[in-house]
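A short worksheet on the structure shown next.
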Amino acid sequence: MQSISKIERYLAFALFASVFVYLIIRAVNVQLVHDEVVTYFIYMHHGSWWPFKGYVDANNHLLFSALGNLFSSIIGHQLPLTPRIPSLLAFPVLAIYTWKIAKCFGGSVFNRWLFIIPLATAPYFIEFFALGRGYGLSMAFLIAGIFYLLQFLRHFQIHQSYLSLLFLTLALYSNLTLIFIVIIAFGLIAFQWFASKKERHSQLFLQFMIFGVTTGWAIWYSLQLKNIEKLYYGYTKGFVDNSLRSLSELIAFTNDPVVLWIFVILFTAVFIFAVAHLLKGNIGQNLKSLPTVALPVLLGGAVISILLANLILDVKLPSDRALLYFFPLFTGSLFFIAQKFSYNILNISIFTTSLLFPLSLIVNMNTTHSLFWKQERIKPSFHKIVDNSIENDGFPPSIGGKSILATVWSISAPQNTKYVTDLQSGNMGLYPDSVATYQLADTNEYPSVLDHYSVIDHDSISGLSFLKRTEPLAKSFVQDTTYSNVKREEIYTDIFKGIDSTTLGKAVLLEAEITLKTNTFPTDLQVIASAQKPSGEISYFEGLPFDLTAGEMQNGKTVRLSMYIPQVTDPTKSGFYILNKDKRSFEIVDLKASLYTLNETENIHAQ
């Protein structure tokens, strides 16, 4: 093995440090994406990360949510940084252990850097170290766990097996999709114990007990999620055409099937070579081969396990980010197998190919948007348009948009205003409608929105347009209400319940000025617009969340808002109310609300 020069060490440090600074800048400046907002407000800031304590969903990456809750309690509601701190802190861990693996197991300078460069610069991979999601944290712990696994397989030192299990368990609780990797890794540790024929069975038994409790609970929890249909992200079939394709397109920045099949063929060849290398020779030679073949065995075993889980348990095949761990395992497999060949040209060729990753990072470098969720970016000028429109009217305009954009819109809006806005989609298959004053839409996806709206601003990055209704709808007053100094803990507080019968078949608009005071933050308070058919079936339901739109209200805060129902199907079962589902104590210091009908109810549906 070649010695490592100071220059190589300095280069590695400079590379990781430069990328880390870039990630910090992105974490501070890039808008939150939908999944980050959901993770932060439901699990981190709300403190409901413990399984089954709050909203149950696979989106809850347990350890990541717990750490996010910790940092939220320390530094407060500092967005977009707070939910991203655990991911940022994970990058130095990734850097340290990536370097350790390269240094301890790399046979040449080209070989070491063909492992370092992809893990340090692949845009899709490092993106998760500046996002409020558990994938970056899990990848850092995975690399650390693999390092100690390889050290144990090479040196058979007991503390290394415990460290491997510790880091792999942390990775698992940051990302439950790593279950199969943890199981296979423990199998390699157990194989080393048995094959070495050393009398330390008590140590193996203790490790088996630790593994059984930690991994067994994770398996049980995953099965509970499956039983309540919360393992929804993925495909029912097509592992290569769907699962691997979804990852390769994001890693390689191309949907060319040739690239996908190059990955598949390379992995298949590496896996076959690894198994053949492991099986040949006597048991002593096999033990010496374990570090070389460990990563191909982990990756190949994961593929087989995923296919069996899909076939036997009907578990969905993972997609894109749920397969993120394939990337370091595949890179590591090439790193080890390439050393078994005496041809330096192979290492040089793979190293040269790996340079495409820093090149793509440089070409796509930005501090304004996520490369892989750019369709969720909200152009700041969209909010300025809303600001300018409010100066004359006093109340914010109604805005339509897809539900997945609503959270991003709310969190990216200015927090120092006296109004709050939300995107209304209805969540009932009614988007887009023709009632809202403005629409936020991709006109290529929803061309029919142009029938009633004209584009006044466009974002070339996200492809979203901000549109205004060509003919504003006229308001006709129906009724108003007012009350003050009301303390509530009930789930429902009516604003307008059982509205006037003249609203039947029409669109109705709520304009309200509300001063609220709460004891805690977050509160999970929402203003709800709801309509039902005479049969009781819900025909429209929309919520405006105060936590996302208004922020902290412990000292009292006055906001103005507008919401609409596109069509009232039964006035007695339609209206607006404040939802307090957690029954938290809050005070309505003052509330003034007016209800209007609008002169058009026609809905525009995408063709």
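The values are calculated or read from the model by the stated rules, or taken from the named source; none is laboratory data. Fair warning: this is a prediction, and the values are worked out from it, not measured in the lab. Quick reminder, even Gly has a Cβ in these numbers, built from the backbone with ideal geometry, and neighbours come from all protein chains shown. Note: areas computed on protein heavy atoms with side chains; ligands, DNA, RNA excluded. Shrake-Rupley method; radii C 1.70, N 1.55, O 1.52, S 1.80 Å.
Its convex hull of Cα atoms gives segment 6-364 a direction-averaged projected area, equal to a quarter of the hull surface, of 18.2 nm². Here the label points at K6 and I210, each 7 Å from Cα along the C-beta direction, are separated by 3.9 nm in the simple model. Computed on segment 474-599, with alpha-carbon pairs under 8 angstrom and 6+ residues apart, the relative contact order is 51 percent.
Taking 13 Å as the straight-line reach from the Cα of K583, the aspartates and glutamates in range (excluding those fewer than 8 positions away in the same chain) are E489, E490, D524. Each Lys or Arg adds one and each Asp or Glu takes one away; over the other residues whose Cβ falls under 11 Å from the Cβ of V478, this sums to 0. Computed from point charges on the beta carbon alone (+1 for Lys and Arg, -1 for Asp and Glu), the dipole magnitude for the chain about its Cα centre is near 2840 Debye.
Relative to the Cα centre, the charge distribution of segment 505-550, modelled as +1 at Lys and Arg Cβ and -1 at Asp and Glu Cβ, gives a dipole magnitude of about 140 debye. Here's the picture: charge each Lys and Arg Cβ at +1 and each Asp and Glu Cβ at -1 in the chain, and of G76, G107, Y431 the one pushed furthest to the positive end of that dipole is G107. Taking a ≥ b ≥ c as the square roots of the eigenvalues of the Cα gyration tensor, an a/c ratio of 1.5 or more together with a/b larger than b/c marks the chain as prolate.
For the chain, the per residue solvent-accessible surface stands at 43 Å², with DNA, RNA and ligands left out and a 1.4 Å probe. In a Debye calculation with equal point scatterers on the alpha-carbon sites of segment 113-257 and no solvent, what is log10 I(q)/I(0) at q = 0.12, 0.17 Å⁻¹? Those come out to -0.63, -1.09, one per q.
Can you tally the net charge around K6? Count Lys and Arg as +1, Asp and Glu as -1, for every other residue whose Cβ sits under 15 Å from the Cβ of K6. Result for the neighbourhood of K6: +2.
Per-residue ellipticity at 222 nm, computed for the chain from helices alone with -39500 (n - 2.57) per DSSP H run of at least four residues, works out to -15500 deg cm²/dmol. Using a cutoff of 8 angstrom between alpha carbon atoms and counting only pairs six or more residues apart, the relative contact order for the chain works out to 13 percent. With the cut-off at under 12 Å, measuring from each backbone N in segment 302-328 to a point 7 Å along the Cα-to-Cβ line of Y235 picks out 317-320. Split the accessible area of the chain by element, probe 1.4 Å, and carbon with sulfur accounts for 60%.
Dipole magnitude for segment 474-599: about 100 debye, using +1 per Lys or Arg Cβ and -1 per Asp or Glu Cβ, origin at the Cα centre. Placing unit charges on each Cβ (+1 for Lys and Arg, -1 for Asp and Glu) gives the chain a dipole about its Cα centre, and among I456, V21, F382 the Cα reaching farthest toward its positive end belongs to V21.
Ordering 213-225, 553-565, 247-259, 175-187 by mean Cβ neighbour count within 10 Å, with the highest value first, yields 175-187, 553-565, 247-259, 213-225. Along the axis of the charge dipole computed for the chain (Cβ charges of +1 for Lys and Arg, -1 for Asp and Glu, origin at the Cα centre), the listed residues G556, A276, S65 are led at the positive end by A276.
The alpha-carbon of K6 sits under 14 angstrom from the alpha-carbon of none of the aspartates and glutamates, leaving out residues fewer than 8 places away in its chain.
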